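The values are calculated or read from the model by the stated rules, or taken from the named source; none is laboratory data. Source: prediction; values computed, not measured. When we count neighbours, we look across all protein chains shown, and the Cβ atoms used for this are built from the backbone with ideal geometry, even at glycine. Accessible surface areas use protein heavy atoms only, side chains included; no ligands, DNA or RNA. Shrake-Rupley method; radii C 1.70, N 1.55, O 1.52, S 1.80 Å.
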Amino acid sequence: MDAEAIVRKYLDYLEDPSVIRDDETIAETKRRAAEATDKIERLKLLSEVERLEDPTADDLHEAFVASVKGWAEQEDVTAGSLIKLGVPPGVLREAGFDLGGPAPKQPRSTRRPSRRGPGVSVEAVRAAVPADGTFTTKDLREASGASPGTVRKAMATMLDAGEIVDRGLHPAWDGPGRVPTLYERA
């Protein structure tokens, strides 16, 4: 992938993180797992489905950091314009941009979080739904510690069962990216 394609994909990711999820590959891997006659092969394919259903942006982040500065200089794109499109200043500093002023102090440990943490069940997500008031999928992720895929699965189940209701887009949203949907206990 060339530098411009990497920058484009990263900007798309900032707007909608689901762009890194490849539903065609997921469907094909599920099909192969269902058809596998060898238990070990099926086990490996099912593990791959889990990874594909809950992708991380680590590879995309690293490619963006490695590519964006050179591409921006070549295309005469400023760091300020990248920030206006939602790229965090810390990511631009990591890529080598001089944003002026002192860089914010980094925490003692700057290691990235591990790809996969301990599993959190759909039931744990259900238990994290607030008794009253509205909430977003991000609120449930933070309250339960579940992965985005687990939260999506739990919410789909709860919506289908009528346990929660969709209250529409957040009316006061002014943050970067897509406007979150509000949900409420039924």
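Those residues that are part of a helix (DSSP H, G or I) and surrounded by 14 or more Cβ atoms within 10 Å (Cβ to Cβ), I need them from segment 89-102; list them, please.
Result: Pro89, Val91, Leu92, Arg93, Glu94.
Among the residues of segment 75-88, which ones are touching a residue at least 40 places away in the same chain (Cβ under 8 Å) and open to solvent by 40 Å² or more (accessible area, probe 1.4 Å)?
If the condition is that a residue be touching a residue at least 40 places away in the same chain (Cβ under 8 Å) and open to solvent by 40 Å² or more (accessible area, probe 1.4 Å), then Glu75, Leu85 are the ones that fit.
Within segment 148-155, is even one residue within 23 Å of Pro88 (Cβ to Cβ) and in contact (Cβ under 8 Å) with a residue 40 or more places away in the chain?
yes
Given the conditions (1) open to solvent by less than 50 Å² (accessible area, probe 1.4 Å); (2) touching a Lys or Arg at 6+ places or on another chain (Cβ under 7 Å); (3) modelled with pLDDT of 85 or more; (4) of a type outside the set (D, E, K, R), report the number of the one that Leu60 does not fulfil.
(3)
Checking Thr136 against (1) closer than 22 Å to Val19 by Cβ; (2) free of Cβ contacts under 8 Å to residues at least 24 places away in the same chain; (3) open to solvent by less than 50 Å² (accessible area, probe 1.4 Å), which single condition isn't satisfied?
(2)
If you take the residues of segment 1-22 that are open to solvent by 90 Å² or more (accessible area, probe 1.4 Å) and part of a helix (DSSP H, G or I), which of them is farthest from Asp76 (Cα to Cα)? If you could, list the steps in order and put the result at the bottom.
We begin by selecting, within segment 1-22, every residue open to solvent by 90 Å² or more (accessible area, probe 1.4 Å); these are 1-2, 8, 15.
Then keep just the ones that are part of a helix (DSSP H, G or I); that gives 8, 15.
Values: Arg8: 15, Glu15: 22 Å.
By that ranking, first place goes to Glu15.
Provide a single number: the residues in segment 156-180 that are in contact (Cβ under 8 Å) with a residue 40 or more places away in the chain and exposed (fewer than 15 other Cβ atoms within 10 Å of the Cβ).
Of segment 156-180, the ones in contact (Cβ under 8 Å) with a residue 40 or more places away in the chain are 176-178, 180.
Adding the requirement that they be exposed (fewer than 15 other Cβ atoms within 10 Å of the Cβ) leaves 176-178.
The qualifying residues number 3.
Read through the list (1) open to solvent by less than 80 Å² (accessible area, probe 1.4 Å); (2) in a helix (DSSP H, G or I), then give the number of the only condition that Glu123 fails.
It is condition (1) that Glu123 fails.
Being at pLDDT 85 or above, in contact with a Pro (Cβ under 9 Å, 6 or more places away or on another chain) and among the hydrophobic types (A, V, I, L, M, F, W, C) is true for just one of Ala79, Ala72. Which residue is that?
Criteria check complete, one pass: Ala79.
Going by the structure shown, is Ala33 surrounded by 17 or more Cβ atoms within 10 Å (Cβ to Cβ), farther than 18 Å from Pro176 by Cβ and under 19 Å from the mean Cα position of the chain (by Cα)?
Values: surrounded by 17 or more Cβ atoms within 10 Å (Cβ to Cβ): yes; farther than 18 Å from Pro176 by Cβ: yes; under 19 Å from the mean Cα position of the chain (by Cα): no.
Spelling it out, it is not the case that Ala33 is surrounded by 17 or more Cβ atoms within 10 Å (Cβ to Cβ), farther than 18 Å from Pro176 by Cβ and under 19 Å from the mean Cα position of the chain (by Cα).
So, Ala172, is that one over 19 Å from His61 (Cβ atoms), at pLDDT below 85 and in contact with a Phe, Trp or Tyr (Cβ under 9 Å, 6 or more places away or on another chain) or not?
In short, no.
Condition first: among the charged types (D, E, K, R) and in a strand (DSSP E or B). Can you find one or more residues in segment 148-160 that meet it?
No, segment 148-160 contains no residue that is among the charged types (D, E, K, R) and in a strand (DSSP E or B).
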